[in-house]
Amino acid sequence: MKTLVTYFSKTGNTEEIARAIQDALPVDKKIVPIHDLEGAEGYDIIFCGFPVHAHSVPEKAQSFIKALGEGQQVAFFSTHGSLRGGQLPKQAFENAIGLAAKARILGHFGCRGKVDPKVIEMLMNQQENRAWAQEAQSASGHPDQADIEDAKAWALSIIAKV
Ligand SMILES: Cc1cc2nc3c(=O)[nH]c(=O)nc-3n(C[C@H](O)[C@H](O)[C@H](O)COP(=O)(O)O)c2cc1C
């Protein structure tokens, strides 16, 4: 089985999760930042990661997701400042799944990722960002060891599915 782990990461949190997933995979595997990818054909599973930006998928990951081909099997992972399991990060996954119209979605995994306190302070003053920015104050220290272990276990569960 051939897998590709690809990700966009602005401040390193999603990259940390991508590397953990890559470490955990007991199969033929490759890890490539999304902007360095030259093609995604020939992989049995693609793990595609991004940080949640404005409740959605950052532009830098959107074009890759839109181009996923017919029947391509993909599993999404993300990091976000807001609380795990909440409605806000869920919306980003729903958007990613909507963009990957032709692909077969194998699952998704999300965990928290720290946000610079100065950025949070600024965003708290913007109505559209206040809700997640408020939650993100307690994301410092994430992704932590438990997040890393969860991501690894999730990646293995995806492999076991296929
Ligand atoms: C421009 C911007 C927008 C963001 N929007 C959200 C958001 O809507 N919801 C959220 O939970 N976190 C949001 N975050 C926080 C990031 O998702 C979080 O810090 C993530 O772990 C960053 O991942 P990275 O280090 O891989 O870039 C935002 C961060 C930035 C810089």
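If you filter the range 38-59 down to residues that are away from the ligand (no atom under 16 Å from the Cβ) and in contact (Cβ under 8 Å) with a residue 60 or more places away in the chain, you find that the one that is surrounded by the most Cβ atoms within 10 Å (Cβ to Cβ) is Ile45.
Listed here are the residues, each with its yes/no results for (1) over 19 Å from Ala103 (Cβ atoms); (2) over 15 Å from the mean Cα position of the chain (by Cα).
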site	(1), (2)
Phe8	no, no
Gln22	yes, no
Asp28	yes, yes
Asp36	yes, yes
Phe50	no, no
His53	yes, no
Lys60	no, no
Ala67	no, yes
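Filtering the range 61-87 to residues that are of a type outside the set (A, V, I, L, M), in contact (Cβ under 8 Å) with a residue 40 or more places away in the chain and buried (at least 17 other Cβ atoms within 10 Å of the Cβ) leaves Phe64, Gln73, Phe77, Ser78, Thr79, His80, Gly81, Ser82. Selection of first residues in the range 14-30 that are closer than 20 Å to His80 by Cβ and touching a residue at least 40 places away in the same chain (Cβ under 8 Å) and of second residues that are more than 15 Å from the ligand (Cβ to nearest atom) and of a type in the set (A, V, I, L, M), restricted to Cβ pairs under 6 Å at least 6 apart or on distinct chains, gives the following pairs, ordered by first then second residue: Ile21/Ala155.
Within the range 103-135, the set of residues being more than 12 Å from the ligand (Cβ to nearest atom), surrounded by fewer than 18 Cβ atoms within 10 Å (Cβ to Cβ) and not polar (S, T, N, Q) comprises Arg104, Ile105, Leu106, Gly107, Glu121, Met124.
Filtering the range 2-41 to residues that are touching a Leu at 6+ places or on another chain (Cβ under 9 Å) and assigned to a loop (DSSP other than H, G, I, E, B) leaves Leu25, Pro26, Leu37, Ala40.
For the range 87-102, filtered to residues that are of a type outside the set (A, V, I, L, M) and more than 8 Å from the ligand (Cβ to nearest atom), the residue that is nearest to Ile21 (Cα to Cα) is Phe93.
Each reported figure results from applying straightforward, stated rules to the coordinates on display, with no laboratory input. Predicted model only: the values in this text are computed from it and were never measured. When we count neighbours, we look across all protein chains shown, and the Cβ atoms used for this are built from the backbone with ideal geometry, even at glycine.
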